[in-house]
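Report on the following structure.
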Amino acid sequence: GVLDDYDYEPYELQLNAGDRLVMYSDAVIEQANTADQQFGVQRLQLELADHRTSPLGEAVLRLEKEVVIWSHEGRLTDDLSILALEID
C-alpha cells in the first residue's frame, strides 16, 4: 500500500448470485472538472445505479467514459483503474 505503517482491517462480504462488486482507484472519485469539483462518491454511486441492469462490461465502460468527460478537457490527472466482478 501507499502507507507502510497503516493497519488494514480484514473485512468479509457475502456475495450472492447476481451481485456485483466494483473496485476502483482513487482517480475515479478524485478526478476534477474545469470548476475543480471532484467526480465524487455520490456521482459514482448514481452512475453505477443508472447502469445496474446493463451488462457489466458496458456499465464499466460507461463509468470510465463519464469520468473522462467530467475531467479537464478529457484529460485524466491520475491513472484510472476499475475492476468489476459479477457473481454467477
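The values are calculated or read from the model by the stated rules, or taken from the named source; none is laboratory data. As the structure is a computational prediction, the values presented were derived from the model and not from experiment. Neighbour counts are summed over all protein chains in view; Cβ atoms, including those assigned to glycine, are modelled from backbone coordinates with ideal geometry. Ligands, DNA and RNA are stripped out before the accessible areas are found, and what is left, the full protein with its side chains, is counted by its heavy atoms. Shrake-Rupley method; radii C 1.70, N 1.55, O 1.52, S 1.80 Å.
Observations on the structure shown:
- Test for Asp26: is it within 13 Å of the chain's Cα centre (by Cα), within 13 Å of Thr77 (Cβ to Cβ) and either of a type in the set (Asp, Glu) or open to solvent by 30 Å² or more (accessible area, probe 1.4 Å) (or both): yes
- Counting the residues of the range 10-31 that are of a type in the set (Phe, Trp, Tyr) and assigned to a loop (DSSP other than H, G, I, E, B) gives 1.
- The range 7-29, residues that are of a type in the set (D, E, K, R) and in contact with a strand residue (DSSP E or B) (Cβ under 9 Å, 6 or more places away or on another chain): Asp19, Arg20
- Residues that are in a loop (DSSP other than H, G, I, E, B), open to solvent by less than 90 Å² (accessible area, probe 1.4 Å) and closer than 13 Å to Glu30 by Cα within the range 47-88 comprise Ser71, Leu76, Asp78, Leu80, Ser81, listed in sequence order.
- Residues satisfying the stated conditions in the range 32-45, i.e. in a helix (DSSP H, G or I) and more than 20 Å from Leu83 (Cβ to Cβ): Gln42
- The C-beta contact set for the range 30-52 (first residue under 20 Å from Asp79 (Cβ atoms), second residue outside any helix (DSSP H, G or I) and small (Gly, Ala, Ser), distance under 8 angstrom, 6+ apart or interchain) comprises Gln31/Ser71; Ala32/Ser71; Asn33/Ser71; Gln38/Ala32; Phe39/Ala32.
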